[in-house]
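These notes concern the structure reproduced below.
The values are calculated or read from the model by the stated rules, or taken from the named source; none is laboratory data. Worth saying up front: this structure is predicted, and the values here are computed from it rather than measured. No Cβ is skipped: glycine too gets one built from the backbone with ideal geometry, and neighbour counts run over all protein chains shown. Accessible surface is based on the protein model in full, side chains and every heavy atom, while ligands, DNA and RNA are left aside. Shrake-Rupley method; radii C 1.70, N 1.55, O 1.52, S 1.80 Å.
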Amino acid sequence: VYAEDADGIVTYYTAPATPPKAGTVTLYASASADHSRFSTLTLVIAGQPISVAIVASTPPPFTLPVSGTMSLIGTLSNDYTVGGGSISWSLSCRSSDCGSISATKSASGTEITYTAPASVPTGNTVAVTATSVTDPTVSDSINITILSTGA
């Protein structure tokens, strides 16, 4: 924003709706009579915190028979990286075989498939976790109970 006379003129800056790529904006103000006299101010533009959510093809409580499949979609909010960010997927359970996932990484909003193990794991439960690649401290998990085919 340019002002002819700094005498009592107030200039306001409005931050962009999404943070800029580098996360900062530098404002420059120079004297109109001598442009070599200037001042700068660098602002950090922070967005809302990133969040992750898992949406499953079936409503909770989540149960699957051994070797059954379930579609899952991980969605990111407030991830302003190019392409909208990505999600890292992982499985955990108390057995060596927790089943499998069709992708260990996906774009936000992309469907993946979880396949239950061929036998019921110890504790009957598998945790599926979606983690933000941009901010690995942010994740969401769901627990899926694995049932024997006769259950």
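Below is a table of values for the structure above.
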item: Wholly enclosed strands (runs of 3 or more DSSP E) of the stretch 81-151 bearing at least 2 residues out of contact with any Cys (no Cβ under 7 Å at 6 or more places or on another chain) and open to solvent by 40 Å² or more (accessible area, probe 1.4 Å); result: 86-92, 105-107, 111-115, 139-147
item: Filter pass, ALA118 being touching a residue at least 24 places away in the same chain (Cβ under 8 Å) and within 30 Å of ALA17 (Cα to Cα); result: no
item: Selected residue (only one of THR58, THR40 is out of contact with any Asp or Glu (no Cβ under 9 Å at 6 or more places or on another chain), surrounded by fewer than 14 Cβ atoms within 10 Å (Cβ to Cβ) and in a strand (DSSP E or B)); result: THR40
item: Residue check, ALA33 open to solvent by 90 Å² or more (accessible area, probe 1.4 Å), at pLDDT below 80 and either outside any loop (DSSP other than H, G, I, E, B) or among the hydrophobic types (A, V, I, L, M, F, W, C) (or both); result: yes
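To keep it simple, each residue is scored yes or no on (1) β-branched (Val, Ile, Thr); (2) more than 26 Å from PRO20 (Cβ to Cβ); (3) modelled with pLDDT under 95.
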| position | (1), (2), (3) |
| --- | --- |
| SER39 | no, no, yes |
| VAL44 | yes, no, yes |
| PRO61 | no, yes, yes |
| ILE73 | yes, yes, no |
